[in-house]
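Visitor: Quick one: this structure, given as structure tokens, is what I'll be asking you about.
Values in this text are rule-based calculations from the coordinates and carry no lab data. Nothing here was measured: the structure is a model prediction, and the numbers come from that model. Here the Cβ positions follow ideal geometry from the backbone for every residue, glycine too, while neighbour counts run over all protein chains shown.
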Amino acid sequence: MKHTALIALSLLFSPLVSLASDISSARESELLNLLKHDCGSCHGLSLKGGLGPALTPDVLQQKPIEYISATILYGRSGTPMPPWRPFMSEAEANWLAQRIKEGVQ
Ligand code: HEC
């Protein structure tokens, strides 16, 4: 009896869990805003470089999403590149990495 209830509950909630891993369009705007203002403060407003290197599609073309995403999440120790893990999930970092690689403006 108890088990049946648990199974019913997990069936009920599983669609919610998969929805939660999708990034809402509001969150997407937040991430793009962060990219422009926070990342832009070092990488340049149009990401063409500043204190940090340029993050343009030509520069990132050969670099895998996982590499870009890991740099965003964990930063580069010994350099000014900070870790952004406290501010975004892995899925969000992957999404942002994809946008940067495509050349978001
Ligand atoms: C305080 C300055 C600073 C901020 C803010 C910053 N970065 Fe960086 N970032 C750097 C520096 C400096 C490097 C170069 C690190 C090195 O020498 O390896 C770097 C490197 C990178 C790289 C690796 C580039 C490559 O070609 O290997 C990526 C990707 C990156 N940053 C993305 C971001 C994103 C996305 C944000 C915002 C969420 C961000 N950075 C915010 C300073 C910054």
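Visitor: If you add up the charges near residue 89, with Lys and Arg at +1 and Asp and Glu at -1, over every other residue whose beta carbon is less than 14 angstrom from its beta carbon, what do you get? All intermediate terms of the calculation are to be shown ahead of the outcome.
Guide: Numbers: positive: 27, 85; negative: 22, 28, 30, 90, 92.
Within the 14 Å Cβ shell, the charges total -3.
Visitor: May I pose another question? Tell me, what HN-Hα J-couplings in whole Hz come from the Karplus equation 6.51 cos²θ - 1.76 cosθ + 1.60 at θ = phi - 60° for each residue of region 30-41, using x for Gly and Pro?
Guide: For region 30-41, the Karplus-derived couplings read 4, 5, 5, 5, 4, 4, 5, 8, 7, 5, x, 5 Hz, x marking Gly and Pro.
Visitor: Counting only other residues whose beta carbon sits under 13 Å from that of residue 32, what net charge do I get with K and R as +1, D and E as -1?
Guide: Details: positive: 27, 36, 99; negative: 28, 30, 38, 92, 102.
Taking every other residue near residue 32 into account, the sum is -2.
Visitor: Using the 10 angstrom Cβ neighbour count as an exposure proxy, how do 72, 100, 65 rank, fewest first?
Guide: On the way: 72 25, 100 22, 65 16.
Neighbour counts put them in this order, fewest first: 65, 100, 72.
Visitor: Does region 23-102 come out rounded, prolate or oblate, given a ≥ b ≥ c as the square roots of the eigenvalues of its C-alpha gyration tensor, rounded meaning a/c under 1.5 and, failing that, prolate meaning a/b above b/c?
Guide: Taking the square roots of the gyration eigenvalues as a ≥ b ≥ c, region 23-102 is rounded.
Visitor: A follow-up question, please. Under 12 Å Cα to Cα from residue 48, which aspartates and glutamates show up? Leave out anything in the same chain fewer than 8 places away.
Guide: Filter leaves 58.
Visitor: Amide H to amide H, which residues 5 or more places from residue 75 or on other chains are under 5 Å from it, using H placed in the peptide plane?
Guide: Here the answer is 84, since their amide H atoms fall under 5 Å of that of residue 75.
Visitor: Once the other residues with Cβ under 11 Å from the Cβ of residue 59 are scored (Lys, Arg +1; Asp, Glu -1), what is the net sum?
Guide: On the way: positive: 48, 63, 101; negative: 58.
Cβ neighbours under 11 Å give a net charge of +2.
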